[in-house]
1. Taking residue 146 and the conditions (1) farther than 27 Å from residue 203 by Cα; (2) surrounded by fewer than 21 Cβ atoms within 10 Å (Cβ to Cβ); (3) touching a residue at least 24 places away in the same chain (Cβ under 8 Å), which numbered condition does it fall short on, given that it satisfies the others?
2. Which members of segment 1-19 meet the condition of being farther than 19 Å from residue 157 by Cα and either among the acidic types (Asp, Glu) or modelled with pLDDT under 70 (or both)?
3. State whether the residues of segment 165-187 include one that is within 30 Å of residue 18 (Cα to Cα) and either in contact (Cβ under 8 Å) with a residue 60 or more places away in the chain or in contact with a Pro (Cβ under 7 Å, 6 or more places away or on another chain) (or both).
4. Quick check on residue 158: is it within 23 Å of residue 125 (Cβ to Cβ) and free of Cβ contacts under 8 Å to residues at least 12 places away in the same chain?
5. Check residue 46 against each of (1) farther than 23 Å from residue 254 by Cα; (2) modelled with pLDDT of 75 or more and name the one condition it does not meet.
Amino acid sequence: MDVDCADEHENCAYWAGIGECVTTPIYMNTKCRLSCGVCQPDPAYETCNDTDVNCAYWAGEGECTNPQYQEFMADSCPWSCGVCHVPIARGSEAGLIMYGIKEFNTRTCVQFIPRTSNDQDYVLIRKLDGCHSQVGRMGGLQDLSLRTDCLRSGTIVHELMHAVGFWHEHSRPDRDQWVTIHLHNAQPDQWHAFDKHSESRTLGLPYDYSSVMHYDSHAFSMNGRETITAKRALNGVVLGWWTDAGLNDLDVQKVNTLYGCSTTRQ
């Protein structure tokens with residue numbers, strides 16, 4: 001993103017989050033360019049493609065940070081190693097979405113920028129039939145759906161986490177050590193949301209009840225009873241109701257670990 005693009009007021013991110021980029025665009029697009037997503041992309045990031053079909057696998061094996069292969073991986077596998085921006089297409093709800101996007105742009109090494117005509121692989125954020133995203137890079141256009149009732153900071157960040165490659169926290173292969181799933185209390189058409197996924201890497205980091213990727217204790221309940229219960233407290237934390245929070249410190253660490261960067265932005 002261009003180096004001169006910045007917000008001129010400390011409340012810009014908040015204003016963008018409540019929709020002011022849409023309702024007062026003249027002021028916001030002048031004073032809050034970063035939060036409203038009207039910055040120009042850096043030409044260096046207009047194209048970002050892996051050049052080897054094995055890049056995703058190598059990245060998953062930790063080769064992005066392996067000193068022996070780090071230079072090769074940065075050159076040949078920029079997408080999988082997270083050394084390029086993830087482009088998005090802006091829509092009419094961009095002002096609301098930018099509040100969630102800024103969580104990544106200011107705290108992690110993943111940077112969301114507007115799509116350019118040269119970007120063949122990109123995420124299109126739009127209103128479809130719910131709150132959902134594919135997990136990781138699919139190639140070409142991939143939808144991230146945020147209908148009106150999804151436009152909350154925690155939900156937006158949750159779906160963006162899917163887009164950059166994360167499954168639900170309660171889908172981790174080791175989840176049975178920490179939680180019990182009560183499918184008999186869940187809506188049958190949502191049972192898939194409680195599946196474990198072998199593709200869900202732990203990254204050597206601890207299980208986290210407070211992750212933006214963890215469902216709350218009553219998620220998709222059909223009878224008002226708990227669908228997930230904690231087996232034990234973690235650092236004094238147990239599962240409760242959804243708080244609509246953004247990235248916590250461990251979420252940030254997971255993103256930066258997956259993409260091989262060592263510097264955490266504050």
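1. (2)
2. Those that are farther than 19 Å from residue 157 by Cα and either among the acidic types (Asp, Glu) or modelled with pLDDT under 70 (or both): 1, 2, 3, 4, 5, 7, 8, 10.
3. The first filter runs over segment 165-187 and keeps only residues within 30 Å of residue 18 (Cα to Cα), leaving 165-170.
Restricting the remaining residues to those that are either in contact (Cβ under 8 Å) with a residue 60 or more places away in the chain or in contact with a Pro (Cβ under 7 Å, 6 or more places away or on another chain) (or both) gives 165-166.
Yes; the residues of segment 165-187 include at least one that is within 30 Å of residue 18 (Cα to Cα) and either in contact (Cβ under 8 Å) with a residue 60 or more places away in the chain or in contact with a Pro (Cβ under 7 Å, 6 or more places away or on another chain) (or both).
4. no
5. (2)
Rundown of residues vs (1) of a type outside the set (Gly, Ala, Ser); (2) buried (at least 17 other Cβ atoms within 10 Å of the Cβ); (3) outside any loop (DSSP other than H, G, I, E, B); (4) touching a Ser or Thr at 6+ places or on another chain (Cβ under 9 Å), yes/no style:
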{"residue": "176", "(1), (2), (3), (4)": "yes, no, yes, no"}
{"residue": "189", "(1), (2), (3), (4)": "yes, no, yes, no"}
{"residue": "192", "(1), (2), (3), (4)": "yes, no, yes, no"}
{"residue": "198", "(1), (2), (3), (4)": "no, no, no, no"}
{"residue": "205", "(1), (2), (3), (4)": "yes, no, no, yes"}
{"residue": "211", "(1), (2), (3), (4)": "no, yes, no, no"}
{"residue": "214", "(1), (2), (3), (4)": "yes, yes, no, no"}
{"residue": "219", "(1), (2), (3), (4)": "no, yes, no, yes"}
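The values are calculated or read from the model by the stated rules, or taken from the named source; none is laboratory data. Fair warning: this is a prediction, and the values are worked out from it, not measured in the lab. Positions of Cβ are backbone-derived with ideal geometry, glycine not excepted, and every protein chain shown enters the neighbour counts.
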